[in-house]
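Trainee: Take this structure, written in structure tokens, and hold onto it; I'll ask about it next.
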Amino acid sequence: HMLADLSAVKPQLALSESQSALWQKAEDAMRRAGEDMQKRRAQHVAARDMKDAEDNPRAFAAQMDQEMNAGIEQMKQIREQWFIVHDALDAQQRTKVHTYMKARMKEARAKVQKEMAANSKDKNCGPGQPPMGMMPPLFPF
């Protein structure tokens, strides 16, 4: 995840005490979200029987939507925590973060393009489409 990679640029930023506290809060939110996601997945796998999808596909889809929406809301909250960190950075710190994130984004795009080319013959994705399970990275900077 792109946000998790921000720890690599953190030492270069020489954060103040207040900035460090905001950074820690954002990292903690990410950690909790990851733990929550793992719990939801485990509960999802344990509780879901594919027979439910056959018996009541609308209810099954509604449950899937509900789970997806909960994840989206959590991602928005995490993103907002990182926006708060970003807002607290000075111009030089922001430039360092932006430069770092642009480089990471370029690497991520190259990886996705490579995967797309390698998997274009896969029945789960067509030409020009990312392989199943691949989502573009989400980051605030």
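No lab work stands behind these numbers, since they all come straight from the coordinates. Please read all numbers here as calculations on a predicted model, not as lab measurements. Note that we place each Cβ from the backbone using ideal geometry, even for glycine, and neighbour counts take in every protein chain shown.
Trainee: Would you mind computing, in nm to one decimal, how far apart the modelled labels at SER7 and ALA33 are, each placed 7 Å from Cα along Cα→Cβ?
Mentor: The modelled label-to-label distance comes out at 1.6 nm.
Trainee: Sort 77-84, 28-35 by the packing proxy (mean of other Cβ within 10 Å over each peptide's residues), most packed first.
Mentor: Numbers: 77-84: 16.2, 28-35: 14.1.
Sorting 77-84, 28-35 by mean packing, highest first, produces 77-84, 28-35.
Trainee: Cross-link list LYS25/LYS96; LYS25/LYS114; LYS39/LYS102: which exceed 25 angstrom alpha carbon to alpha carbon? The partial results should precede the final answer.
Mentor: Values: LYS25/LYS96 20 Å; LYS25/LYS114 35 Å; LYS39/LYS102 32 Å.
The answer is LYS25/LYS114; LYS39/LYS102.
Trainee: Tell me the volume per residue, in Å³, of the convex hull enclosing the alpha carbons of the range 69-113.
Mentor: Values: hull volume 2.9 nm³, N = 45.
Normalising the Cα hull of the range 69-113 by residue number yields 64 Å³.
Trainee: Apply the Karplus parameterisation 6.51 cos²θ - 1.76 cosθ + 1.60, with θ equal to phi minus 60°, to every residue of the range 101-112 and state each ³J(HN,Hα) to the nearest whole Hz, in sequence, with x for glycine and proline.
Mentor: Computed from phi, the couplings for the range 101-112 are 5, 4, 5, 5, 5, 4, 4, 5, 4, 4, 5, 5 Hz.
Trainee: Under a point spin-label approximation (7 Å from Cα along Cα-to-Cβ), what is the ALA42-MET105 distance to one decimal in nm?
Mentor: With each label point 7 Å from Cα toward Cβ, the separation is 3.6 nm.
Trainee: Mark the label point 7 Å from the Cα of ILE84 along Cα→Cβ and return the residues of the range 2-41 whose backbone N is within less than 15 Å of it.
Mentor: Counting only backbone N, you get 18-33.
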